[in-house]
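Take a look at the structure below.
The values are calculated or read from the model by the stated rules, or taken from the named source; none is laboratory data. Computed from a prediction, not measured in an experiment: that's the story for all the values here. Glycine gets a Cβ as well: all are built from the backbone with ideal geometry, and neighbour counts include every protein chain shown. Accessible surface is based on the protein model in full, side chains and every heavy atom, while ligands, DNA and RNA are left aside. Shrake-Rupley method; radii C 1.70, N 1.55, O 1.52, S 1.80 Å.
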Amino acid sequence: MQGSSFHFTSALTPEGWLQDVAVAVDAAGTIQSVTSGIGDGVRIAGIALPAMPNVHSHAHQRLMLGLAERAGPGADSFWTWREAMYGFALRLSPDDLQAVAAQAYVEMLKSGFSVVGEFQYLHHQPDGSSYGNAAEMSLRCLAAADEAGIGITLLPALYAYGGFGGQAPVAGQRRFINGADGFLRIHDALRAETGGHFLRRLGIAPHSLRAVTPDLLRTVIGGIESNSPVHIHVAEQVKEVEDCLAFSGQRPVEMLMAEFELSERWTAIHATHMTAGETNALALSGAIAGLCPTTEANLGDGIFPAVGFMAARGTIAIGSDSHVSVSPAEDLRMLEYSQRLRDRTRNALAGGKGRSTGRTLFEAAALGGAASMQQPVGRIAPGYRCDIAVLDAGHPSLIGRTQDAALDTWIFSSGNAVVKDVLVAGRHVVKDRHHINEEQIAGRFRAAIRRLTP
Ligand code: NGQ
Ligand code: ZN
């Protein structure tokens, strides 16, 4: 493959907004130059943004959208939703997971994401026994990412227990369960499939402080590549905080920081329930807060202390998690709205007088997401991978809007409707709102849904 070049009406770069921007890309997909002025190459009319990393996905949950929104016989909660989710998780074959993940990844690309952090815990067969290749289900996520053409940071889950203090898992968790040896076997198999790949990175996902003990996690971290990404769910639900306090006398984020030396290697997923002290300490540690605002709202988790965390210079990233909404715009909007609703304010996260809320949040999540995924994305600049999302400047909602006003209008008003083209490593995978492989992927997804849902 030869190098190529693209030309955009405008682009958001580290130097700010540029007009008439030519981006030259080498054969591998790395940006060589970004220049202002009329250039040749493929012309894409629109507003070029760095494509957004989606740092938290459970692809299999794409299967159950809309099927857990009916009141149950008892009180509904995160925990009853989780029971329903386990029921779906027990049904997927490897082919089904690949079909559902490929569809989810196409939807991510079409909404402006270009990298997915797949937090994968469906390791075993439905009866709990291992597949012939212990890494089978994770390999299917890599295959789905290939079909869709999305970057992936694969985060196989370490999941040993059902609750704090090494409680036995419940029957519904039997596909997830591993000890250090079983996990490292999976991890080793995946290392061979990810090393040297421009679009792939391998990390680990200790599921939560409920599912691992600190000692187990230390053993596993000692057996993997130093400084590779570590993602963990933490302090998402009040009950988790209460159980952690009852078990250890510490709150979950407090316990995580006491047991491990956190750094930008770590992404704390949700981190919803923190004291002001925990919020400051987490920000100072350099760990990234992996926020999933639409899923957190859907599951009734609570409100992340984003005002305090960002004031303390904490790093944020976003993820579509259960995929109840797959949209960088909607997740950033929900994040800002959660703070406005709690504090009865406006432009809570703009970060200074006269600044655009959308611009501040978009740039923070793009850079934080790149760091969380450990992929060379998040900026339209030489040396970065050419992962770009283009907004349709001619869409009615963007008429009369340029620069920060266009970004704010996308995030607060137009959502996915205005995302027109997406490049991943210079490959034009979404063209005029159409993904290059979407019919075939949707066909397999349709068959899987019909078979697997009531
Ligand atoms: C998950 N999802 O692993 O899919 C979790 C629920 C749990 C979110 N936390 C299960 N959003 O935390 O035990
Ligand atoms: Zn999750």
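Overview of results
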item	result
Signed unit charges on C-beta, dipole axis of the range 320-372, positive-most listed residue Tyr337, His323, Ala371	Tyr337
Sorted largest first, extent of the range 394-436 alpha carbons per principal axis (Å)	29, 17, 16
Computed lengthening from Gln125 to Arg191, 0.36 nm per intervening residue step minus Cα-Cα distance	21.6 nm
Helical mean residue ellipticity (222 nm; -39500 (n - 2.57) per DSSP H run of 4+; nearest 500) of the chain	-11000 deg cm²/dmol
Gyration tensor (alpha-carbon) shape descriptor, the range 1-45, a/c threshold 1.5	oblate
Environment charge of Ala143, counting only residues whose C-beta is closer than 14 Å and scoring Lys/Arg +1, Asp/Glu -1	-4
Per-pair calculated FRET efficiency, R0 = 25 Å: Asn227 and Ala258 via Cβ, rounded to 0.05	0.75
Computed label-point distance, nm, for sites Ala171 and Ala143 using a 7 Å Cα→Cβ extension	3.0 nm
Accessible area of the range 298-454 belonging to carbon and sulfur atoms, whole % at 1.4 Å probe	51 percent
For the chain: rounded, prolate or oblate by the Cα gyration tensor [a/c cutoff 1.5]	prolate
By average C-beta atoms within 10 angstrom, highest first, the peptides 334-345, 64-75, 42-53	42-53, 334-345, 64-75
Burial order of peptide ranges 424-434, 76-86, 300-310 (average beta-carbon count within 10 Å, highest first)	300-310, 424-434, 76-86
Accessible surface of Glu15 - all protein chains present, 1.4 Å probe, nearest 10 Å²	150 Å²
Gyration tensor verdict on the range 217-372 (Cα atoms; rounded if a/c is under 1.5, prolate if a/b is larger than b/c, oblate otherwise)	prolate
Potential lengthening between Tyr337 and Leu284 on full extension [0.36 nm per residue; Cα-Cα distance subtracted]	16.6 nm
Carbon and sulfur %, accessible surface of the range 116-221 computed with the full protein complex present, 1.4 Å	50 percent
Set of lysines near Lys420 by C-alpha distance (under 30 Å), chain-local residues within fewer than 8 positions excluded	Lys110, Lys431
Spatial separation of Cα centroids for the range 215-245 and the range 305-366, in angstrom	25 Å
For the range 438-445, Karplus couplings with θ = phi - 60° (6.51, -1.76, 1.60), whole Hz, Gly/Pro x	6, 5, 4, 5, 5, x, 5, 5
Ordering of 255-268, 93-106, 314-327 by packing [mean C-beta count within 10 Å, highest first]	314-327, 93-106, 255-268
Amide H partners (placed H, <5 Å) of His233, local residues excluded	Ser208, Ile269
Stokes-Einstein translational diffusion, the range 180-294 - Kirkwood Rh over all Cα pairs, 0.692 mPa s, 37 °C, in µm²/s	219 µm²/s
Spin-label model distance (nm) - Glu242 vs Trp79, 7 Å beyond Cα toward Cβ	0.8 nm
Efficiency of FRET from Cβ geometry, Asn437 and Gln2, R₀ 25 Å, rounded to 0.05	0.70
